[in-house]
Ligand code: NAP
Ligand code: COA
């Protein structure tokens, strides 16, 4: 389905983003990933090479514009113009605002929000135009306020407004921009950091209307839909992949997550 397409995934070396990368590779795409740690990049490229035609890896901290610019240019030189761009690098930890240092707040906003701007800004010149699809990875925190998540709530809300703003600015160039919003996804770093008391996993699953935690494949399938021709008239959308969790369960779940 994605043969001869180049899919670039910022932060694509673990968890949900790697699951998305694997989905595209298995569907025939040339996949490029980058993040900060060489060992994670090497492992991801090895796994993606087993699944798809060719994979490429790079190193960059999304907070550093020059690193992002150079790494994206290298990926485009190696694998061609970018047909699908996924921006998913993120950081998270539980911290009440009153104890959070300015650097702690700034590091998450710097990775999630500023990083997304850097990735989109420096990928634009390498995008296939018309036709490219951009998918920003957001979170329910963008519109569901959660205690001890002020940094993430602010950053992800900003990402969704970037999605909508750039869908307007870049639509005339034939570039679609959407947000994909994972719910509580099992077996991921993000879930591990938020679910303090692991014995509450079953109780957490009950806060999801569909009655189960998500899998990375649930996100990969929707990312491929958003990138496909089936979604050719979809832009500026914030699309939850959360079994209905953000309709109300996400607020209830915070008690389970924080062990309260
Ligand atoms: P994860 O495995 O920790 O994925 C984060 C990725 O970003 C890693 O590849 C990491 O690699 C990279 N990264 C982190 N900081 C970076 C930086 N400064 N520059 C470049 N790359 C960086 O976490 P995950 O739980 O799968 O989350 C993936 C995405 O889904 C995130 O956007 C997250 O907010 C979102 N999400 C997750 C959940 C969930 O249930 N897990 C729910 C809602 C939303 P390096 O360490 O090598 O840099
Ligand atoms: N509670 C409160 N503050 C914390 C914290 C916590 N659990 N963890 C880190 N911080 C603070 C640090 O103390 C530091 O602030 P300070 O300089 O005022 O002391 C600031 O956050 C930056 O921490 P540092 O470890 O230097 O940042 P980093 O740039 O190396 O890493 C993080 C960024 C903190 C987000 C790190 O957790 C990370 O790399 N996360 C990526 C993986 C991840 O979070 N995955 C889940 C995605 S949903």
Angle between the chain longest axis and helix 150-170 axis [Cα atoms, degrees, rounded to 10]: 30
Projected label distance in nm at residue 147 and residue 49, using a 7 Å step from Cα toward the beta-carbon: 4.9
Acute angle (nearest 10 degrees) that the helix 65-79 long axis makes with the longest principal axis of the chain, alpha-carbon atoms: 50
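Determine the shape class of the range 92-146: with a ≥ b ≥ c the square roots of the Cα gyration tensor eigenvalues, call it rounded for a/c under 1.5, and otherwise prolate if a/b is greater than b/c, oblate otherwise.
Working: a/c = 5.18, a/b = 2.15, b/c = 2.41.
It is oblate, given that a/c is not under 1.5 and a/b is not larger than b/c.
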Length gained when the stretch residue 103-residue 217 is fully extended (0.36 nm per residue, less Cα-Cα span): 37.7 nm
Estimated FRET transfer efficiency when R0 is 30 angstrom, pair residue 38-residue 198 (beta carbons, to 0.05): 0.50
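So, by mean Cβ neighbours within 10 angstrom, what's the order for 195-204, 83-92, 1-10 with the highest one leading?
Values: 195-204: 14.3, 83-92: 25.4, 1-10: 22.1.
Ranking the peptides 195-204, 83-92, 1-10 by packing returns 83-92, 1-10, 195-204.
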With Cα atoms, 0 to 90° folded angle of helix 216-227 axis to the chain main axis: 50
Potential extension, residue 168-residue 210 segment - 0.36 nm per residue separation minus Cα distance: 11.8 nm
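Would you please put 54-66, 176-188, 223-235 in order of how densely packed they are, using the mean number of other Cβ atoms within 10 angstrom per residue and starting with the highest?
Values: 54-66: 19.4, 176-188: 22.9, 223-235: 16.8.
Taking the mean over residues of other Cβ atoms within 10 Å, the ranking is 176-188, 54-66, 223-235.
Rounded if a/c is under 1.5, else prolate if a/b is larger than b/c, else oblate: which is the chain, with a ≥ b ≥ c the root eigenvalues of its Cα gyration tensor?
Details: a/c = 1.57, a/b = 1.48, b/c = 1.06.
Here the chain falls in the prolate category.
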Pair residue 3, residue 78: separation of 7 Å Cα→Cβ label points (nm): 2.4
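Here, each number is a calculation from the coordinates, and none is a lab measurement. What you see is a predicted model; the values in this text were computed from it and never measured. Positions of Cβ are generated from backbone atoms using ideal geometry, with glycine treated the same way; all protein chains shown enter the neighbour counts.
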